[in-house]
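Q: Here it is: the structure, laid out below.
The values are calculated or read from the model by the stated rules, or taken from the named source; none is laboratory data. As the structure is a computational prediction, the values presented were derived from the model and not from experiment. Counting neighbours? That spans all protein chains shown, and the Cβs are built from the backbone with ideal geometry, glycine included.
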Amino acid sequence: MATHLMYLSGPPLSGARQLLRWLLVWALLWPVLAHAGDYITERAWLEDPSGQWSLDEALTHPFTPYEGLLSRGYGTSAIWIRLRIDPHANPPSTLTDRLVLRLRLTYLDQIQLFDPQAPTATQPNTAPVPFNDRTLNLNYLLPRGDIPRDIYLRLQSPGTRTKMIEVLNLEEALDRDRQQETIYGLYLSGLLVSLLWALLHWFSLRERVIGVFACKQAVALLWSLSLLGYVREPLGDAAPTLVALLLVVFTATSAYFDYSLFREYQPPRWTLRVLLGLMAVLPVAALLILSGHISTALRLNIVCTLLIVLWNLVVSLLARPRVNHPAPAIPQWGLVSFHGVLCLSIVITALMVLGVLSSVLLALHSLQIHGLVTGLIMVIFLQVRSQRLTQRQTQALADLAVAQKNARQEQLHRQQQEKLLEEIRQLAFHDSLTHLPNRRLLLECVQLAAAQNQRYGHHSALLFMDLDNFKPLNDAYGHHVGDLLLIEVAQRLRQSVRACDTVSRFGGDEFVILLNDFSTEATTAQPQAQAVAEKILTSLRQPYRLQTDHSDTARTVEHHCSASIGIRLFTTPPEPIESLLDQADAAMYAAKAAGRSTIRFYTNADALA
């Protein structure tokens with residue numbers, strides 16, 4: 001700013017004067033406007049020194065209420081923030097039934113959101129999805145809810161833990177973004193105009209101070225762009241490192257600009273050497289950033305900034321311009337006044353950033369405001385920003401509609417896939433008529449039963465059953481009536497055994513039943529299997545009432561049938577396991593040979609037959 005006053009001749013532009021007045025009025029009204037439309041009724045914070053607390057552990061400690069801006073300075077510990085949201089504090093949005101949580105200056109932060117009405121965002125180590133990736137802030141969509149509730153934020157940052165948090169409806173959030181980007185556009189335009197001014201004058205005058213000022217303004221512009229979030233999307237994870245590195249470079253170029261300016265005022269040489277010594281610490285901070293120690297570097301930078309601005313005030317007081325030397329355009333008292341105001345503002349800002357003093361929103365941008373007052377604003381840039389804000393509002397609504405549509409389509413697609421998989425499994429492992437397990441699923445159940453028997457020593461029984469008097473029914477009344485009989489038999493079989501047993505249709509009128517968890521002694525297990533088989537025979541001997549067809553002339557046929565059952569007891573089955581079925585089948589044929597409607601156990605004689 002000093003260089004601007006020293007080299008810019010002529011009266012200031014009336015447009016710049018009006019712009020400065022507008023910015024001052026906005027700065028005074030902004031703290032009031034910032035709370036309009038906010039759904040947060042209470043704010044409180046809690047410091048986690050270990051940085052390892054879960055939400056349940058944090059809730060066991062008392063929270064400290066605060067108003068407005070959270071200011072906890074630098075630190076390695078985590079900060080828990082409790083926000084009481086009242087959905088009836090302001091009128092609801094006409095665009096969506098959700099709210100928008102806005103966090104500002106979050107380029108170095110690790111943030112977790114815990115909302116009882118958003119289960120997917122309440123689990124630890126879960127990062128919520130931002131509401132709009134193109135916004136300069138960090139915005140999250142929240143359910144509006146019907147009653148007041150508490151939500152929690154966990155904040156951990158290598159930078160300053162000074163944050164502005166708001167909860168607004170969608171219209172208000174978009175309007176705040178529009179207002180914020182308008183201010184940022186004015187500010188960045190001022191930096192750009194001052195940079196162009198410095199470059200034009202340097203090309204014509206080749207003044208060293210102007211060249212250094214141009215470098216300073218160029219770094220200020222780059223740092224501001226990165227700090228305000230304009231490079232977050234293209235740079236991705238590298239953006240925080242760039243912001244921290246540019247801050248250190250901006251501090252160094254600002255200090256070197258002051259050094260170049262002071263040389264024209266002829267201060268004692270030792271004062272300039274001290275200033276150079278303070279500047280020599282800044283490369284160390286840059287190396288710390290590149291090595292990943294961002295928090296340590298930022299603390300070192302803020303301490304160096306404080307020392308440099310304090311020392312600059314001392315240098316300006318000790319300056320003694322030569323009498324015969326061309327006097328600087330700014331008298332010494334102007335230089336002292338400038339550095340006095342700058343020192344006061346930087347000291348207050350640093351103390352706020354460090355958490356020593358309570359912060360105000362304007363203090364977060366004091367360094368940027370210092371660069372803004374040295375430049376003018378370009379109207380073209382504002383028009384471009386205004387167009388971008390309009391596009392963002394339209395895009396936000398379009399993204400919301402697309403997200404809802406995609407969610408519905410994804411849910412429908414998932415349901416269709418699950419239904420298809422279930423149908424495939426049903427066809428692969430079940431009989432299409434009786435819906436009983438088929439041969440493949442039965443063999444898997446037999447293998448599982450064998451594994452259980454090997455572990456606990458129990459017996460299992462495989463009952464191979466063939467219906468008696470089934471073919472005459474088919475021949476007399478058709479396959480439709482025969483299918484009805486098979487369905488009724490399947491129901492009676494399921495009712496005759498336990499839930500842990502398996503009833504399967506082997507094919508035609510053949511059924512296989514796997515009975516589990518019989519006694520470890522074969523002499524006891526055989527009567528147990530015999531009892532279940534007799535229960536099945538009793539159930540199957542009951543008459544069947546079958547309807548011949550579904551026409552008006554349909555009649556009910558009463559049919560009697562029984563079954564022949566062959567039983568194979570086993571603990572560990574032989575290899576291959578299908579031989580169990582063959583042995584049970586052989587026992588079934590022995591039952592048929594014995595007169596049908598009987599039960600036979602597998603013996604070696606059956607194997608020889």
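Q: Which one of these is at pLDDT below 80 and under 20 Å from LEU342 (Cβ atoms): VAL249, VAL209, VAL231?
A: Only one candidate qualifies: VAL209.
Q: So, one more: Just name the residue that is modelled with the lowest pLDDT out of those in the stretch 555-570 that are surrounded by fewer than 18 Cβ atoms within 10 Å (Cβ to Cβ) and either within 19 Å of ALA531 (Cβ to Cβ) or polar (S, T, N, Q) (or both).
A: THR556
Q: In the stretch 494-528, how many residues are within 57 Å of the chain's Cα centre (by Cα) and surrounded by 12 or more Cβ atoms within 10 Å (Cβ to Cβ)?
A: 22
Q: Could you please tell me which pairs satisfy a Cβ distance under 6 Å, a separation of 6+ or placement on different chains, a first residue in the stretch 167-186 that is at pLDDT 80 or above, and a second residue that is of a type in the set (Phe, Trp, Tyr)?
A: VAL167/TYR39; GLY185/PHE381
Q: Restricting to the stretch 134-164, what's the tally of residues that are over 16 Å from LEU227 (Cα atoms) and not in a loop (DSSP other than H, G, I, E, B)?
A: Residues in the stretch 134-164 being over 16 Å from LEU227 (Cα atoms) and not in a loop (DSSP other than H, G, I, E, B): 13 in total.
Q: Then there's this: Quick check on the stretch 235-256. Is at least one of its residues more than 23 Å from LEU335 (Cβ to Cβ) and touching an Asp or Glu at 6+ places or on another chain (Cβ under 8 Å)?
A: No, there is no match, as no residue in the stretch 235-256 is more than 23 Å from LEU335 (Cβ to Cβ) and touching an Asp or Glu at 6+ places or on another chain (Cβ under 8 Å).
Q: Quick check on SER260: is it over 24 Å from SER291 (Cα atoms) and at pLDDT below 75?
A: no
Q: Looking only at the stretch 37-75, which residues are β-branched (Val, Ile, Thr), touching a strand residue (DSSP E or B) at 6+ places or on another chain (Cβ under 9 Å) and without any contact (Cβ under 8 Å) to a residue 24 or more places away in the chain?
A: Scanning the stretch 37-75 gives a single hit, THR64.
Q: Would you be able to say whether some residue in the stretch 501-509 is farther than 22 Å from THR598 by Cβ, outside any loop (DSSP other than H, G, I, E, B) and in the same structural domain as ARG455 (by TED's automatic domain parsing)?
A: Yes.
Q: Within the group ALA218, ALA198, which residue is under 30 Å from HIS293 (Cα atoms) and among the aliphatic types (A, V, I, L, M)?
A: Exactly one residue qualifies, and that residue is ALA218.
Q: Sort out which residues of the stretch 53-75 are over 23 Å from the mean Cα position of the chain (by Cα) and either loosely packed, with under 15 Cβ neighbours inside 10 Å or not in a loop (DSSP other than H, G, I, E, B) (or both), and write them in order of number.
A: Once the filter is applied, which keeps residues that are over 23 Å from the mean Cα position of the chain (by Cα) and either loosely packed, with under 15 Cβ neighbours inside 10 Å or not in a loop (DSSP other than H, G, I, E, B) (or both), the stretch 53-75 yields THR60, HIS61, PRO62, THR64, PRO65, GLU67, LEU70, SER71.
Q: For the stretch 185-215, enumerate the residues that are out of contact with any Leu (no Cβ under 8 Å at 6 or more places or on another chain), farther than 23 Å from PHE262 by Cα and of a type in the set (Ser, Thr, Tyr).
A: Those that are out of contact with any Leu (no Cβ under 8 Å at 6 or more places or on another chain), farther than 23 Å from PHE262 by Cα and of a type in the set (Ser, Thr, Tyr): none in the stretch 185-215.
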